[in-house]
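These notes concern the structure reproduced below.
All of the numbers you see were taken from the coordinates with simple rules; none came from a lab. Everything numeric in this text was worked out from a predicted model, so none of it was measured. Here the Cβ positions follow ideal geometry from the backbone for every residue, glycine too, while neighbour counts run over all protein chains shown.
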Amino acid sequence: MATNRTFTMIKPDATKDNHIGGILGMIEQGGFRIVELQKVELTPERAGEFYAVHKERPFYGDLVKYMSSGPIVAAILEKDNAVADFRTLIGATNPANAEDGTIRKKYAKSIEANAVHGSDSDENAEIEGKFFFGK
Ligand code: GDP
């Protein structure tokens with residue numbers, strides 16, 4: 001399995017606020033190559049499927065509603081050590097805890113509307129990339 005790819009989404013809060021360009025710029029500045037890119041709106045069903053792993057969490061319903069509330073930008077990114085380096089670039093889930101210089105520190109509004117998704121493992125990067133791009 002590839003270890004040099006990760007998957008990201010720019011979430012609805014960030015696309016609505018015109019931060020697609022700013023976030024893609026930080027991604028490229030961070031040394032990632034954009035392999036695949038697509039702007040799309042998720043139905044609640046598809047958002048629920050993507051986040052099925054969180055089905056038992058109390059915020060699952062809100063998360064599905066939020067992720068289907070507007071367009072997202074899905075992308076596959078390439079870089080050595082992609083998964084871990086991208087998690088560092090995006091910062092903590094809760095922007096209140098995100099380091100300076102991270103995407104979430106700059107663009108996230110809340111623990112839910114936190115601007116970007118980043119895969120948490122090589123295995124999930126592959127599954128999530130296939131979910132959108134079939135490869
Ligand atoms: P991530 O890997 O940093 O994205 O974080 P998680 O996998 O734990 O959670 C997935 C997504 O669910 C997060 O990116 C947030 O959008 C949302 N989320 C996580 N924790 C909370 C929470 O406590 N409340 C709400 N409303 N949303 C949350």
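For the reader, a short list of remarks on this structure follows.
- Along the range 23-28 the Karplus relation, 6.51 cos²θ - 1.76 cosθ + 1.60 evaluated at θ = phi - 60°, assigns HN-Hα couplings of 6, 4, x, 5, 5, 5 Hz to successive residues, with x for each Gly and Pro.
- Cα gyration tensor, the range 1-44 - rounded (a/c under 1.5), prolate or oblate: oblate
- Among Phe32, Phe86, Phe50: highest mean-square fluctuation, GNM of the chain, C-alpha pairs under 10 Å: Phe50
- Using the rule -39500 (n - 2.57) for each DSSP H run of four or more residues, divided by the residues of the chain, the 222 nm mean residue ellipticity is -11000 deg cm²/dmol.
- The ranking of Val53, Val116, Val64 by Cβ neighbour count inside 10 Å, starting from the fewest, reads Val53, Val64, Val116.
- The overall shape of the range 31-135 is oblate: from the C-alpha gyration tensor, with semi-axes ordered a ≥ b ≥ c, the ratio a/c is 1.5 or greater and a/b is no larger than b/c.
- Among Phe59, Phe132, the order by Cβ neighbours within 10 angstrom, fewest to most, reads Phe59, Phe132.
- Cross-link table Lys39/Lys65; Lys65/Lys106; Lys55/Lys79; Lys16/Lys79; Lys106/Lys130, entries beyond 25 Å C-alpha to C-alpha: Lys55/Lys79; Lys16/Lys79; Lys106/Lys130
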